1. Ratio of alpha-carbon Rg to the 2.2 N^0.38 Å globular estimate for the chain, to two decimals, please.
2. Compute the angle between helix 108-120 and the longest alpha-carbon principal axis of the chain, please, reported from 0 to 90 degrees and rounded to the nearest 10.
3. Please give the helix 137-150 orientation as an angle from the longest Cα principal axis of the chain, in degrees from 0 to 90, rounded to the nearest 10.
4. Would region 96-168 count as rounded, prolate or oblate if I go by the C-alpha gyration tensor, calling it rounded below 1.5 in a/c and otherwise prolate when a/b exceeds b/c, oblate otherwise?
5. Starting from the Cα of Met165, step 7 Å toward the Cβ, then list every residue of region 66-105 with an amide N under 14 Å from that point.
6. Determine the per residue accessible area of the chain with all protein chains present and a 1.4 angstrom probe, expressed in square angstrom.
7. Given contacts defined as C-alpha pairs under 8 Å and at least six residues apart, what's the relative contact order of region 31-178, whole-number percent?
8. Using the alpha-carbon atoms, what tilt in degrees (0 to 90, nearest 10) does helix 35-45 show relative to the longest principal axis of the chain?
Amino acid sequence: MSLGEREVPRPQSTSDADAASSSEPVFRPPTAADGQRMWEITRDSGVLDVNSSYAYVLWGAEFSDSSVVVESEGRVVGFVTGFIRQSEPDTIFVWQVGVDADQRGKGLAARMLHALFDRTADRGVVRMRTTISPDNTASQRTFGAVARDRGLTFGGEDFLSADLMGEGHEPEDLYTLG
């Protein structure tokens, strides 16, 4: 069973059975209303490039089909922003992955990537690309694990040099799961 098939709908009542299932994370497309929370997660991470809150609101409004948020107990605790590449309509490009500090170590980043892959497969997506800086071994491991879980190859190549990125920014290598 793929991770996307284990998505749990929001509970509709407050019975004991529903209360127990509400602790299971819910993976869903973001909305514009999730944008501010996505921005907060980014800001609080201390490592992600922080864009304006408008960018995250816009992402939830305009790129929800190619992005995902995860809720725990009714609160957004993580997100993946992505888009279908115009030059490669069978490829989703992941822009950012963010998880609340108190939710890290639970495998939510990988589960969101699986959920996104599963959800975009009906649109013909068979490959995922992302950029990762050379020192970000945690992201390299996460994307590598998703590739292994799905039986895909995983590799990186030089892409955006540090001089293009501005002062203090590492280069961004292009990784492909396909």
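The values are calculated or read from the model by the stated rules, or taken from the named source; none is laboratory data. In this text the structure is predicted, and so the values were computed from the model without any measurement. Here the Cβ is made from the backbone with ideal geometry for all residues, glycine too, and neighbour counts use every protein chain on show. With ligands, DNA and RNA removed, areas are computed over all heavy atoms of the protein, side chains included. Shrake-Rupley method; radii C 1.70, N 1.55, O 1.52, S 1.80 Å.
1. That ratio works out to 1.03.
2. Approximately 90 degrees, to the nearest ten.
3. 70 degrees
4. Cα axes put region 96-168 in the oblate bin.
5. Within reach of a label on Met165: 96.
6. Accessible area per residue, the chain: 53 Å².
7. 17 percent
8. Taking Cα atoms only, the helix is inclined about 60 degrees.
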